[in-house]
Amino acid sequence: MSDYDYSELLNRAEGAFSKSDKRESRLKIPDPETINEGKTTIIRNYGEIVELINRDPKHIAKYLMKELGIGVSQEGNRLLINRKVSPQVISTKIRQYMEIFVICYECMSPDTEIRKVGRTDLMFCKACGAQNPIRGVRDTRTEDTTVEEGKTYKVTVTEVGQSKEGKAHLYGTTIIIPGGKKGEEVRVLIKKIRKGVAFAEVLKDKK
């Protein structure tokens with residue numbers, strides 16, 4: 001699963017289920033519509049997004065809270081994040097959520113559901129019948145809330161700067177990644193942090 005970026009996964013899924021309008025439409029998650037009120041970011045169409053993903057909105061909110069390292073709360077169809085977060089970062093986190101909790105690991109169908117069997121959460125695919133334990137894709141510990149020098153993290157490049165450097169965002173910190181390409185998921189070592197900006201070195205994934 002981690003060997004494929006989301007764009008490739010999406011293309012494969014759309015090709016496999018092109019005859020199913022319902023399945024295909026469920027993959028077309030709208031971009032988050034955000035506004036800022038002071039230091040708070042509000043996702044105005046959160047209800048629409050979670051309805052298409054077909055997962056518990058509280059579960060998605062909890063995932064975003066852990067990934068962003070900040071408190072969130074839901075008000076009706078809106079999600080409130082207790083700091084300023086760009087729509088690009090939110091989109092990336094939602095795509096990562098889908099890779100872990102929505103898209104079938106076998107046939108790439110989004111037509112799945114999560115069931116708890118004993119103490120294990122399993123993904124059941126209604127399209128191919130596969131049953132798999134939920135897989136995590138991150139190297140960092142869930143209790144981490146800050147980016148630190150000397151630590152490694154798995155991040156997704158969300159933008160490319162004027163000097164062609166990749167940029168990722170984690171726990172409120174911008175991470176500069178030399179040679180990073182937009183949409184690429186990489187494991188990086190934080191070399192230094194200056195004024196809230198981290199400078200990283202790309203590491204090769206372990207085989």
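The values are calculated or read from the model by the stated rules, or taken from the named source; none is laboratory data. This one's a predicted model, so the numbers in the text were calculated from it and none came from an experiment. Neighbour counts are summed over all protein chains in view; Cβ atoms, including those assigned to glycine, are modelled from backbone coordinates with ideal geometry.
Kindly establish whether MET108 is crowded, with 17+ Cβ neighbours inside 10 Å and either among the acidic types (Asp, Glu) or at pLDDT 90 or above (or both).
Criteria not met by MET108.
Does ILE35 count as in the same structural domain as LYS116 (by TED's automatic domain parsing) and at pLDDT 90 or above?
Taking the combined requirement at face value, the residue satisfies it.
Mind listing just one residue for me: the one in region 58-84 that is within 15 Å of LYS39 (Cα to Cα) and of a type in the set (A, V, I, L, M, F, W, C) and, of those, nearest to the chain's Cα centre (by Cα)?
Taking the candidates together, the pick is LEU68.
Here are some residues: ARG115, ARG119, ARG141. Which one is modelled with pLDDT under 90, assigned by TED's automatic domain parsing to the domain that holds PRO57 and of a type in the set (D, E, K, R)?
ARG119
Cβ-Cβ below 6 Å, separation at least six or inter-chain, first residue in region 26-51 and at positive phi and hydrophobic (A, V, I, L, M, F, W, C), second part of a helix (DSSP H, G or I) and buried (at least 16 other Cβ atoms within 10 Å of the Cβ): which pairs?
Once the first residue is at positive phi and hydrophobic (A, V, I, L, M, F, W, C) and sits in region 26-51, no partner that is part of a helix (DSSP H, G or I) and buried (at least 16 other Cβ atoms within 10 Å of the Cβ) comes close enough.
Need pairs with beta-carbon distance below 7 Å; first residue touching a residue at least 24 places away in the same chain (Cβ under 8 Å) and within region 97-126, second charged (D, E, K, R) and assigned to a strand (DSSP E or B); sequence gap 6+ or separate chains.
Taking only residues 6 or more apart or on different chains, the pairs are ILE114/ASP121.
When you scan region 43-74, how many residues do you find that are in contact with a helix residue (DSSP H, G or I) (Cβ under 9 Å, 6 or more places away or on another chain) and over 28 Å from VAL147 (Cα atoms)?
9
Quick check: anything in region 106-127 under 30 Å from ILE190 (Cα atoms) and touching a Pro at 6+ places or on another chain (Cβ under 9 Å)?
No: zero hits.
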